[in-house]
Amino acid sequence: MTPLYTDPCPACGESVAHPFFDGGAAPLVILGWPRTEEEARAMPPYRLDFVQCLACGHVWNRAFRYEDVPYGSQPNLMFNAGVLWNRHLAQLVDEVLTRLPENPTVVEIGCGCGHFLRSLAARRQGRYIGFDPHQPDDFPSEFQFEARLFDPVEDLLHLQPDLVVMRHVLEHFSQPAAFLQQLAWAAGCCKKTVRLLVEVPCIDRVFATGRLVDFYYEHPQQFSTESLRALLQRVGAIVSLWHAYDGEVVLAIVELQLPLAWRLRAEAAAKFEQGSQEARRKIAAQLQELANSGLRVALWGGTGKGAAFMHHFGVKTNWLTWVVDSDPNKVGTYVAGVGQQIVSPEELKTQTPDVVIIPTQWRAADIVAEMARLGIEPKQVLIEHQGQLVDYWHSAHPYALPKLEGR
Ligand SMILES: [Zn+2]
């Protein structure tokens with residue numbers, strides 16, 4: 001047994017993987033297109049370092065970099081004119097049509113020359129849009145063609161499709177989950193159910209036969225049935241998952257949807273984010289008022305949260321009368337980004353401050369007790385709470401210890 005790797009699995013996200021196939025280094029085999037013998041021999045090699053996730057069985061090339069592959073300038077042509085393959089395509093068109101509403105909107109990501117969209121459009125009237133970074137020689141007339149990468153959020157929200165098709169596309173991605181989760185997020189914002197049709201090569205048979213030709217640079221993701229299921233379960237409800245072409249491809253239809261709890265958390269995060277900016281403005285204004293007041297103001301804590309407080313709320317100059325710290329190791333050093341020298345609490349014994357600000361609310365009770373021991377009696381102690389500076393002794397907040405109440 002060789003060591004386990006800790007890269008998160010692109011399909012299921014777990015972090016336990018084992019070396020699976022070291023293919024050395026080889027040139028691109030789909031998107032290289034050498035035109036001369038010399039060009040072919042001079043093609044740069046890329047590392048093939050496939051590992052397997054122990055949780056879901058997914059195999060991926062952990063040395064892959066998407067930018068190595070010239071998707072925009074070279075066509076990614078898939079040649080298979082076989083009778084059985086064409087039967088598979090015809091069956092797939094039939095299957096998809098049973099799940100499409102009247103007059104559907106269908107988007108295909110990585111549509112190539114648009115064979116599949118054409119087949120659908122010929123059978124049902126609707127809106128069909130194909131995306132592919134490589135522009136074909138002839139613009140298709142049966143559907144709208146976009147010669148660019150599909151944006152999983154903006155394009156989905158704009159087009160509001162009934163179905164998104166990704167046939168033989170996901171195996172080219174470096175981060176398939178990231179793409180699909182953005183797609184699912186956007187689908188959750190649409191007013192209709194958005195379904196996703198995925199088709200990828202299936203490596204179930206690779207495990208039994210030991211064959212190696214499946215592994216090349218342009219296919220960094222190698223899906224088994226189990227790993228495709230693991231990936232798709234993260235982005236919605238799998239309506240159907242099946243195999244075709246003698247088990248060599250695996251397909252699935254998914255109703256894109258992220259968990260409700262994620263949406264609720266997003267709402268809470270948006271609220272926090274908005275509140276945080278309001279808090280920065282409000283507390284910065286409160287501090288400015290203190291700076292203008294002529295009162296002697298001490299801030300307790302010159303590093304960590306104390307320095308973060310000064311950064312967040314715009315303390316950029318040495319206007320504070322003192323920055324003190326209970327930790328003797330910090331005394332004599334300077335506040336990062338501000339430059340004010342940190343002094344010992346002893347300094348406040350002779351000249352009591354009017355106001356003490358305690359950035360570390362959770363330590364406020366201890367600091368107030370420390371001040372009492374040293375005979376430091378400020379008129380007011382302020383802490384940050386719910387977007388503003390509040391009075392430690394007289395305002396409602398969760399940081400008072402019972403023994404200190406009633407002062
Ligand atoms: Zn996995």
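For an R0 of 45 angstrom, estimate the FRET efficiency from the Cβ-Cβ distance between TYR66 and LYS349 and round to the nearest 0.05. After rounding, the FRET efficiency stands at 0.10.
Residues whose amide H comes within less than 5 Å of that of VAL323, counting only those at least five positions distant or on another chain, are LEU299, VAL343 (H built at 1.01 Å from N in the peptide plane).
For the range 236-271 and the range 13-33, write down the distance between their C-alpha centroids in whole Å. One Cα centre to the other: 26 Å.
Just checking the listed ones, HIS312, HIS88, HIS219: in the Gaussian network model of the chain with Cα springs under 10 Å, the one fluctuating most is HIS312.
I'm checking a number: the convex hull volume of the Cα atoms of the chain, normalised per residue, in Å³. What is it?
Spread over its residues, the Cα hull of the chain gives 233 Å³ apiece.
Per-residue packing, averaged as other Cβ atoms within 10 Å, sorts the ranges 231-241, 167-177 into the order 167-177, 231-241, beginning with the highest. Long hydrophobic helices in the chain: the complete DSSP H runs spanning 20 Å or more by Cα along their own axis with mean Kyte-Doolittle hydropathy of at least -0.5 are 83-99. Between the amide H of GLU108 and those of ILE129, GLY130, PHE131, VAL165, distances stay under 5 Å, these residues lying 5 or more places away or on another chain, with hydrogens modeled in the peptide plane.
Phi angles of the range 190-202 translate, via the Karplus equation with coefficients 6.51, -1.76, 1.60 and θ = phi - 60°, into HN-Hα couplings of 7, 7, 10, 6, 9, 9, 10, 9, 10, 9, 9, x, 10 Hz per residue; Gly and Pro are given as x. Distance from the alpha carbon centroid of the range 164-224 to that of the range 324-394 works out to 56 angstrom. Per-residue Karplus couplings for the range 358-363, computed as 6.51 cos²θ - 1.76 cosθ + 1.60 with θ equal to phi - 60°, are listed in order as 10, x, 8, 3, 5, 9 Hz, Gly and Pro entered as x. Dividing the mean sequence gap of close Cα pairs (under 8 Å, 6+ apart) by how many residues the chain holds gives a relative contact order of 11 percent. Taken one residue at a time, the phi angles of the range 330-344 give Karplus couplings (6.51, -1.76, 1.60, θ = phi - 60°) of 8, 5, x, 8, 10, 6, 4, x, 10, x, 7, 6, 8, 10, 7 Hz. Gly and Pro are set to x. Overall shape: oblate for the range 1-125, with the ratio a/c of the largest to smallest alpha carbon gyration tensor axis at 1.5 or above and b/c at least equal to a/b. Applying 0.36 nm per residue to the separation of ALA268 and HIS18 and subtracting their alpha-carbon distance, the gain on full extension is 86.2 nm.
For each of TYR392, TYR334, count neighbouring Cβ atoms within 10 Å of the residue's Cβ, then give the residues from fewest to most.
TYR334, TYR392
When only Cα pairs below 8 angstrom with a gap of at least 6 residues are kept, the range 4-135 shows a relative contact order of 19 percent.
Given the DSSP H assignment, sum -39500 (n - 2.57) over each helix run of at least 4 residues in the chain and divide by its residue total; what's the result at 222 nm in deg cm²/dmol, nearest 500?
For the chain, the value works out to -9000 deg cm²/dmol.
How would the range 232-281 be classified by its alpha-carbon gyration tensor: rounded, prolate or oblate, with rounded meaning a/c under 1.5 and the a/b versus b/c comparison settling the rest? Prolate. Between GLU102 and THR36, the FRET efficiency from the beta-carbon distance, with R0 = 45 Å, is close to 0.30.
The alpha carbon gyration tensor of the range 86-182 gives principal lengths a ≥ b ≥ c with a/c below 1.5, which makes the shape rounded. The modelled label-to-label distance between LYS191 and ALA90, using points 7 Å beyond Cα along the C-beta direction, is 4.0 nm. The Cys residues in the chain with no partner Cys Cβ within less than 4.7 Å of their Cβ are CYS111, CYS113, CYS189, CYS190, CYS202. Among the lysines in the chain, how many pairs, 8 or more places apart or on different chains, have alpha carbons under 27 Å apart? Lysine pairs satisfying the spacing and distance rule in the chain number 20. Highest GNM mean-square fluctuation among THR98, THR350, THR225, for the chain modelled with Cα contacts below 10 Å: THR350.
Only the coordinates and a few stated rules stand behind these numbers; no lab work does. Computed from a predicted model, the values in this text were never measured in an experiment. Glycine gets a Cβ as well: all are built from the backbone with ideal geometry, and neighbour counts include every protein chain shown.
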